[in-house]
Amino acid sequence: MASPIAHSFAGFWTFACQRGHFKTQLTAHWREYLLPLGVLILLANAPDLDLLLGNAVHRGFTHSLTAATLVSLVLSCVWRIAPGFWRSAIVYFIAYSSHLLIDFFTGTKIGWTNTGFGMPLFWPWPKTFSSPLILIFGIHHKNFAALFSLDNLRACTYETLIFGAITVVASVLWKRKLKSRILRKAKLKARTNRPTPESPTHLLFNLEYQKGEASPHLPTLQDQK
């Protein structure tokens, strides 16, 4: 399994990608979005709660799309993190399923090694699924001492660097896109508010009209005749 570092990043990504569906925006005060952010991060780590029952049941029912669906529906009934029942359920499902996606590419060795641990994604069907391509080191959790091993330190450092770099790059690209959108709207607004040039005939008519108003008592050529 991957460490909570990778799964917490996934929960944060879910919040960032779905921010438009929340009742608060990222520009709001941090207290307004701390609760949904915390809920999604906890939900992204939730499947590993089966470790509390022992290693024997780890990667069982909690690591399935069945559990992801049931948990999402129940949470949507309890608290709607986004407007609407189904929209909230989808956000919850994405956060929970991100854990399954990361564990799907987790194994003991990086590369095309087929060292994945396997998960019963379609429980109660007992068949397990894992990717032949391993992208993330699995951490050891057989006992308390194994949690603080050098291998786990290497795995946590690797996840922090990889997921942190992805977060930074995505943030830069998002800011550039947002800045480009703002500049495009500003140019469009400037073009809309720009006064249209008057035609020469219209300008000549206005000039003659202003002259007529300035000297109303002057006789015209027709009056002199």
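The values are calculated or read from the model by the stated rules, or taken from the named source; none is laboratory data. What you see is a predicted model, and the numbers here were worked out from it, not measured in a lab. Don't worry about glycine lacking a Cβ; one is built from the backbone with ideal geometry, like all the others, and counts go over all protein chains shown. Quick note on the areas: whole protein, heavy atoms, side chains included, nothing else; ligands and nucleic acids left out. Shrake-Rupley method; radii C 1.70, N 1.55, O 1.52, S 1.80 Å.
For I162 and L35, the FRET efficiency from 1/(1 + (r/R0)^6), where r spans their Cβ atoms and R0 equals 45 Å, is about 0.95.
Starting from the Cα gyration tensor of segment 55-181, take the square roots of the eigenvalues, sort them a ≥ b ≥ c, and report rounded, prolate or oblate (rounded when a/c is under 1.5, otherwise prolate if a/b is larger than b/c, else oblate). Oblate. Along segment 97-114 the Karplus relation, 6.51 cos²θ - 1.76 cosθ + 1.60 evaluated at θ = phi - 60°, assigns HN-Hα couplings of 5, 4, 5, 5, 5, 5, 5, 4, 9, 9, x, 8, 9, 7, x, 7, 10, 6 Hz to successive residues, with x for each Gly and Pro.
Computed as a quarter of the hull surface, the mean projected area of the alpha carbon convex hull for segment 110-195 stands at 10.3 nm².
When the surface is traced with a 1.4 Å probe over the full set of protein chains, K127 keeps roughly 100 Å² accessible.
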